[in-house]
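Comments concern the structure below.
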Amino acid sequence: MEKNVFVMDHPLIQHKLTILRDEKTGSKQFRELISEIAMLMCYESTRDLPLEEVETKTPMMTAKTKVLSGRKMAFVPILRAGLGMVDGVLNLIPAAKVGHIGMYRDPETHQPVDYYCKLPADLDSRDVFVLDPMLATGGSAIDAVTKIKEFNPKRIKFMCIIAAPEGIKAFTEAHPDVPVYCAGLDDCLNDHCYILPGLGDAGDRIFGTK
Ligand code: PRP
Ligand code: URA
């Protein structure tokens, strides 16, 4: 396993991932599961956030307690499918700002084509979580992170739900400084660069297109 790659093997995440993959799971439940998994992954991937001590007056006494230490965050979903993860992570970190990067894969070349970018103006003072359920060839995530780096954020993490080994290799070579968090590390890509066993087309399953 590449350094800086974390597969989240929490039983709740793994259970929900199985239902997500099932071809019988419809769009409503698929959306709910993407959001729940993203929330659980956000919980796990923020373990390293720094804390500071404060004094809190409980009804009983004054105590030294802990709060997050002034870290500002931003979530950046890669459109479309990354949008499905936003509600879940905002449930845990509601003060985060949200940027958007629009990208689709050319169906012939499988290369990413970017069509939109709107990021928070103060990204240089924030930790950024890039969100996309699928890391297949890695092209979309690599280009999205390259673009985000132009804005000098404090730190970047990439969070996906399913990753292919090909995507992990390409991404970690292009951005060795960016940790990758995934719920499932799958077998390979097929001839159309879809992940096997995967879950099909994440955008189509979230939005009911196809
Ligand atoms: C999917 C997925 C990723 C990309 C992954 O998006 O959400 O963004 O493919 O593939 P890659 O690692 O080979 O770049 P898609 O291009 O299908 O666009 P959509 O979300 O708008 O459907
Ligand atoms: N995009 C998807 O939505 N699914 C895949 O398997 C690969 C890319």
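Brief remarks follow.
- Taking the chain and dividing mean pair separation by its residue count, relative contact order in percent (alpha carbons under 8 Å, at least six apart): 23
- In order along segment 116-133, the phi-based Karplus estimate (6.51 cos²θ - 1.76 cosθ + 1.60, θ = phi - 60°) of 3J(HN,Hα) comes to 7, 7, 9, 10, x, 5, 9, 4, 5, 10, 10, 8, 10, 10, 8, 10, 7, x Hz; Gly and Pro are listed as x.
- Segment 98-210 - percent relative contact order, Cα under 8 Å, separation 6 or more: 22
- Shown are Asp191, Asp48, whose ranking by accessible area with a 1.4 Å probe and every protein chain present, most to least, is Asp191, Asp48.
- Average accessible area per residue (Å²) across segment 1-81 - probe 1.4 Å, nucleic acids and ligands excluded: 65
- Sorting Arg105, Arg205 by solvent-accessible area of protein heavy atoms yields Arg105, Arg205, largest first, with a 1.4 Å probe.
- For segment 88-129, the solvent-accessible area of protein heavy atoms averages 55 Å² per residue (probe radius 1.4 Å; ligands and nucleic acids excluded).
- Placed amide H near Phe6: partners under 5 Å, 5+ positions off or other chain: Val180, Tyr181, Cys182
- Total formal charge among the other residues, if their Cβ is under 11 angstrom from that of Asp48, Lys/Arg +1 and Asp/Glu -1: +2
- Accessible surface of Met103 - all protein chains present, 1.4 Å probe, nearest 10 Å²: 20
- Overall, the accessible surface of the chain at a probe of 1.4 angstrom is composed of carbon and sulfur to the extent of 54 percent.
- Remark: accessible surface ordering of Thr56, Thr25 (largest first) is Thr56, Thr25, probe radius 1.4 Å.
- Cα-centred dipole magnitude for the chain, charges only on beta-carbon of K, R (+1) and D, E (-1), debye, nearest 20: 760
- Among residues other than Phe6 with Cβ under 14 Å from its Cβ, the summed charge is -1 (Lys and Arg +1, Asp and Glu -1).
- Bridges between two residues of the chain, per DSSP, are antiparallel at a rate of about 40%.
- Förster radius 35 Å - calculated FRET efficiency between His100 and Thr56 (Cβ-Cβ, nearest 0.05): 0.40
- Each DSSP beta bridge with both residues in segment 57-130 is either parallel or antiparallel, and the antiparallel ones are about 45%.
The values are calculated or read from the model by the stated rules, or taken from the named source; none is laboratory data. Keep in mind that what you see is a predicted model, and the values were worked out from it rather than measured. Note: ideal-geometry Cβ built from the backbone for every residue, glycine included; neighbour counts use all protein chains shown. Surface accessibility is based on the protein's heavy atoms, side chains included, excluding ligands, DNA and RNA. Shrake-Rupley method; radii C 1.70, N 1.55, O 1.52, S 1.80 Å.
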